[in-house]
Amino acid sequence: MRRDGISMSRYPEAFARSAQFENETLGFPLRAHPQLLFYRKDLIPSPPRTWDELVTLGKELKQSNPEISPLALYFNNDGNRQNLFIWLNFLWAAGADIFNPDWTAAWTSEEGLQATADYIALHTVHEVTNPNSLAFVEQDARQSFMQGNSAMIPVWWWAYSGFYNPDTSTLSKEQVGFTGMPSYRGRTKTYAISMPFSISSHSRNQDAAWEFLKWLSNPDLDKKNAVEREVKGEPIVNNVVTHITSLTDPEVNAANDGIQTAAWDSLKESGIMPQIPEWPEVGDILSAAIADAAAGGNVRELMLAAAERSDRILRRAGRIK
């Protein structure tokens, strides 16, 4: 990378960190996604800027459009920890975190517990979510939005073109709007992901593989993928880019209704999930606790119990001394 003048600073920080481990770069982000709030422009002239505003708007929508649920969320404990995606927005914005520096559970702080309770309350107290959100995974929530059964959905930006694709959706492009994720207690911090690609250590042609990686990850191709609308006679629509230059490029934004500008704002303060071998096990415990809480369980008791289990796992792994 030094030899060829490539720096990870060409990517938003969250994208770059998701392709690194213990400060070592292991690959480049190929598909990378920030979170945005999508909404029905024909029902919502001005999208909510905070979660409190979303709750107020949701209650108004239930009165004015009772046949449409205000918000599609996904609380199902599906094995992919999808119900943590929006929870992290609340947790981080509250100033809490998943782990403390000593690897004990940090979500049990009063700020973390209140943030979790407020996330769950969207479904259990305010009832602005789709009634099926307990059973929804992300795909179900997207389908609910595309079928016109929910008026808002917080989800990855790649979903935009599918929301108005006549082959997959009942909505027209004029009905679909997007904005940044709502703030919580005056702060917005979102969760971002990337799908890195690397060279296998077993590759017999690592120099050639490196040349391919350079080509596949170069900024010019990143932009080209977002502005072209036809390849070999086949129509394509892609708004996913990974480079800061593409996110801030006027031509890229003009071709994609300005979604890159909204994404860049979202990415300025984004985080990623913990990068430790024990995280899938701990994440599954948290996901189960969130699902049980959304089903009516006691938030505090469930999150404290999850913390005890997490601490045992990380003590067994030698992280907690």
Exercise. Tell me, Kirkwood radius of the stretch 140-194 from alpha-carbon pair distances, in Å?
Worked result: 12.4 Å
Exercise. Given a Förster radius of 51 Å and the C-beta distance between Ser203 and Thr56 as r, what FRET efficiency does 1/(1 + (r/R0)^6) yield to the nearest 0.05?
Worked result: 0.40
Exercise. How far is it, in nm, from the label point at Lys173 to the one at Glu110 when both lie 7 Å from their Cα along the line to the Cβ?
Worked result: 5.1 nm
Problem set entry | Long-range HN-HN contacts of Arg31 with modeled amide H, under 5 Å | Met195
Seminar exercise, completed: Cα gyration tensor of the stretch 159-305 diagonalised, 5x eigenvalues square-rooted, in angstrom largest first, produces semi-axes 33, 26, 16
Problem set entry | Fraction in percent of alpha-carbon pairs per bin - 5 Å, the stretch 104-183 | 3, 13, 21, 19, 18, 12, 8, 4, 3, 0
Problem set entry | Estimated vicinal HN-Hα couplings, Hz - the stretch 231-241 in sequence order (Karplus 6.51, -1.76, 1.60; Gly, Pro = x) | 10, 6, x, 9, x, 9, 9, 9, 10, 7, 10
Exercise. Restricting to lysine pairs 8 or more places apart or on different chains, what number in the chain have Cα atoms under 20 Å apart?
Worked result: 9
Exercise. Using +1 on the beta carbon of Lys and Arg, -1 on that of Asp and Glu, and nothing else charged, what's the dipole of the stretch 217-264 about the Cα centre, debye to 20?
Worked result: 60 debye
Problem set entry | Cα centroid separation, the stretch 220-250 to the stretch 75-121 (Å) | 34 Å
For this session: Quick one: check the C-alpha center-to-center distance for the stretch 164-178 versus the stretch 303-321, whole angstrom.
Result: 45 Å
Exercise. So what is the calculated 222 nm ellipticity per residue for the chain, using -39500 (n - 2.57) for each DSSP H run with n of 4 or more, over all residues, to the nearest 500 deg cm²/dmol?
Worked result: -11500 deg cm²/dmol
Exercise. Once the piece of chain linking Gln63 and Thr245 is laid out straight, how much longer is it, given 0.36 nm per residue of separation minus the C-alpha distance between them?
Worked result: 61.1 nm
Seminar exercise, completed: The answer for Ser183, listing residues at least 5 apart or on another chain whose modeled amide H is closer than 5 Å to its amide H, is Thr50, Trp51
Problem set entry | Alpha-carbon radius of gyration plus Dmax, which is the widest Cα pair, for the stretch 244-309 in Å | 18.8, 51
Seminar exercise, completed: When Val155, Val55, Val231, Val137 are ranked with the fewest other C-beta atoms within 10 Å first, the list becomes Val231, Val137, Val55, Val155
Problem set entry | Rounded to whole Hz, the Karplus (6.51, -1.76, 1.60) HN-Hα couplings of the stretch 160-172, x for glycine and proline | 3, 5, x, 5, 10, 6, x, 7, 10, 9, 8, 9, 8
Exercise. Separation between the Arg312 and Val237 pseudo-spin-labels, each 7 Å from Cα along Cα→Cβ, expressed in nm?
Worked result: 5.0 nm
Exercise. Volume per residue, Å³, of the convex hull around the alpha-carbon atoms of the stretch 211-273?
Worked result: 110 Å³
Problem set entry | Distance cut-off 25 Å, percentage of C-alpha pairs in the chain lying past it | 54 percent
Problem set entry | Zone residues, the stretch 200-227, relative to Ser9, backbone N less than 18 Å from point 7 Å out along Cα-to-Cβ | 219
For this session: Scan around Gly271 for amide H atoms under 5 Å from its own, H built in the peptide plane at 1.01 Å from N, and keep only partners 5 or more places away or cross-chain.
Result: Thr190, Tyr191, Ala192
Exercise. In whole Å, what three semi-axes, largest first, describe the equivalent ellipsoid of the stretch 1-137 built from its Cα gyration tensor (square root of 5 times each eigenvalue)?
Worked result: 34, 20, 14
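Values in this text are rule-based calculations from the coordinates and carry no lab data. Predicted model only: the values in this text are computed from it and were never measured. We place every Cβ from the backbone using ideal geometry, glycine too, and count neighbours over all the protein chains shown.
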